[in-house]
Amino acid sequence: IIISGAFIVPGAIIAEAVLSYLGIGLRPATDPNALFPVSWGNMILDGKAAITAQPWLLIAPAMAIASITLAFTFIGDGLRDALDPREAN
C-alpha cells in the first residue's frame, strides 16, 4: 500500500497543478494577505504573463513540481526495491 501510494502521489500533484492551471482546480485564496497561494498551477498561470520580465515566477513553481514528483517517484522505486518479496537478494 505504501509503495503504490508513493507512485500515486506524483500523478495527483501533476493532475492538480494542470487543473489549476486550466482554471478548474482549486480556487485561489480570497484573503489578499494570504501567505501562500493555493496551487503551483495557479503560480505557473500567474508567471506565464510575466515570463519576459520575471522568468523565475514561472520557473520556480515548475521546478518545484518537477522535483517533488521526482522525489516521490524515487522514494517509491527505492521502497519497491527494498521491500519486494520476490527479489532474490
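The values are calculated or read from the model by the stated rules, or taken from the named source; none is laboratory data. Please read all numbers here as calculations on a predicted model, not as lab measurements. Heads up, the Cβs are rebuilt from the backbone with ideal geometry, glycines too, and the neighbour counts pull from every protein chain shown. Surface accessibility is based on the protein's heavy atoms, side chains included, excluding ligands, DNA and RNA. Shrake-Rupley method; radii C 1.70, N 1.55, O 1.52, S 1.80 Å.
The table for this structure:
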read-out: Assigned charges on the beta-carbon of Lys, Arg, Asp, Glu; the chain dipole about Cα centre (debye); value: 200
read-out: 0 to 90° range, to nearest 10: angle between helix 56-83 axis and the chain longest Cα axis; value: 10
read-out: Rounded percent of accessible protein surface that carbon and sulfur make up, the chain, 1.4 Å probe; value: 69
read-out: Accessible area, probe 1.4 Å, largest first, for residues Trp40, Trp56; value: Trp56, Trp40
read-out: C-alpha long axis of helix 40-49 to longest principal axis of the chain, angle in °; value: 40
read-out: Computed [θ] at 222 nm, helices only, for the chain once each DSSP H run of length n ≥ 4 contributes -39500 (n - 2.57); value: -23000 deg cm²/dmol
read-out: Nitroxide proxy distance, nm - points 7 Å out along Cα→Cβ at Gln54 and Leu70; value: 2.6
read-out: List Asp31, Asp46, Asp77, ordered by accessible area with a 1.4 Å probe, largest first; value: Asp46, Asp31, Asp77
read-out: List Thr30, Thr73, ordered by accessible area with a 1.4 Å probe, largest first; value: Thr30, Thr73
read-out: Hydrodynamic radius of the chain per Kirkwood, over alpha carbon pairs, in Å; value: 14.8
